[in-house]
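Everything on this sheet refers to the single structure shown next.
The values are calculated or read from the model by the stated rules, or taken from the named source; none is laboratory data. Keep in mind the model is a prediction, meaning the values are calculated, not measured. Reconstructed Cβ throughout: ideal geometry from the backbone, glycine too, with neighbour counts over all protein chains shown. Note: areas computed on protein heavy atoms with side chains; ligands, DNA, RNA excluded. Shrake-Rupley method; radii C 1.70, N 1.55, O 1.52, S 1.80 Å.
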Amino acid sequence: MASVNLGSLVQSYSIFNQASRNNSKSFPLPRSFPFNPLKNISSSTPKRRSFTSLPSISSVLTKEDAVMEEDQDPQLPSFDFKSFMIHKGNAVNQALDSAVPLRDPVKIHEAMRYSLLAGGKRVRPVICLAACDLVGGKESMVMPAACALEMIHTMSLVHDDLPCMDNDDLRRGKPTNHKVYGEDIAVLAGDALLAFSFEHIAVSTVGVTPDRIVRAIGELAKSIGAEGLAAGQVVDISSEGLTNVGLDHLEFIHVHKTAALLEAAAVLGAILGGGRDEDVEKLRKFARNIGLLFQVVDDILDVTKSSKELGKTAGKDLVADKVTYPKLMGINKSKEFAEKLKSDALELLQGFDPEKSAPLIALANYIAYRQN
């Protein structure tokens, strides 16, 4: 698929790039967007709602998920993406198992481990590891941060599944945390994972200067708080039932709700790996692009694939009358937008060692061409 210039047809993309060009070392603030996503939203908006879970690429990698050879650039180095993901995922799983052992009080640790070790490809920690390697760091320097990212991602899923949020009964084929341990323990398990994620980076990171550790912690905190993931969630919740949601509004939601933690993963890897400021910023923009790319592709698949092909219920967004990229732009323009995001992401990796950038290149292609 050729890269295209969407021009005025994708107003939000120009906004997205404007934020990307910001040279600030910190995560772009919601107020950097030229609109207020909460204006004109009634304060009487119901607090309880049912909305689709955070888009996730942490399901188990299958043969069908692997990037097809014909989708690969023949000039790129040969790379076994599936083997890489399995190898790194196993390393992260072992580190998570060691970081959160079963100890007193047993119930809270059991609940934490139940969701934390429930499976998945560990995409966020793997991005963190790959970014660290790309800038010349060692895996040992960044593994605590990689684990922290997965703890936070797990926390977000546990809380999303609660009756006051998505009200889901299943997660990765298993009963959700609150169905097993009760709502009270599920809330506390998520809280404990969030708190411990920062403690783990602070006390377990080795071979990294204190100033870089502090900087990494600050980046991570901003990416998930009221200027990051939480901002995207609250705007999404408050947008239910609105009929005037535009591309800039939709982009705000997904840049914060979906892309923020992926961006933090790349940034933390680069910072803790000893990367230069310019490398950190390149990887920040790369991850933000692939984070938004994931959501655009997810929206496309929801209306072009069957439930059998997706492995989940197809057409949920249409039934729920959710605002999506195909709904606002159409299928063809959504595909063009996805290709533009992928191309821009890959362009940001130019200048890095091709062999070391291969995992991130393959990940961008996987997200762009996945079929479920």
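Name the residue that is nearest to Ala99 (Cα to Cα), counting only residues in segment 184-199 that are open to solvent by 20 Å² or more (accessible area, probe 1.4 Å) and not acidic (Asp, Glu).
Let us first name the residues in segment 184-199 that are open to solvent by 20 Å² or more (accessible area, probe 1.4 Å), namely 184-185, 187-188, 191-192, 194-196, 198-199.
When the remaining residues are screened for being not acidic (Asp, Glu), the result is 185, 187-188, 192, 194-196, 198.
Values: Ile185: 20, Val187: 20, Leu188: 18, Ala192: 13, Leu194: 13, Ala195: 13, Phe196: 10, Phe198: 12 Å.
The extreme case among them is Phe196.
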Residue count, segment 247-279, condition modelled with pLDDT of 90 or more, outside any helix (DSSP H, G or I) and closer than 29 Å to Lys327 by Cβ, comes to 0
Between a residue in segment 162-189 that is closer than 19 Å to Ile237 by Cα and of a type outside the set (Gly, Ala, Ser) and any residue that is surrounded by fewer than 14 Cβ atoms within 10 Å (Cβ to Cβ) and at pLDDT below 95, which pairs come within a Cβ distance under 8 Å, given they are 6 or more apart or on different chains? Cys164/Lys47; Cys164/Arg48; Asp166/Ser50; Asn167/Ser50
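A quick yes/no check of all residues on (1) over 23 Å from Leu328 (Cα atoms); (2) in contact with a Leu (Cβ under 6 Å, 6 or more places away or on another chain); (3) not in a helix (DSSP H, G or I):
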| position | (1), (2), (3) |
| --- | --- |
| Ile201 | yes, no, no |
| Lys222 | yes, no, no |
| Val234 | no, no, no |
| Ile237 | no, no, no |
| Gly241 | no, no, yes |
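When you check Ala99 against the structure, is it open to solvent by less than 10 Å² (accessible area, probe 1.4 Å) and in contact (Cβ under 8 Å) with a residue 12 or more places away in the chain, yes or no? If you could, list the steps in order and put the result at the bottom.
Numbers: open to solvent by less than 10 Å² (accessible area, probe 1.4 Å): no; in contact (Cβ under 8 Å) with a residue 12 or more places away in the chain: yes.
No, not satisfied.
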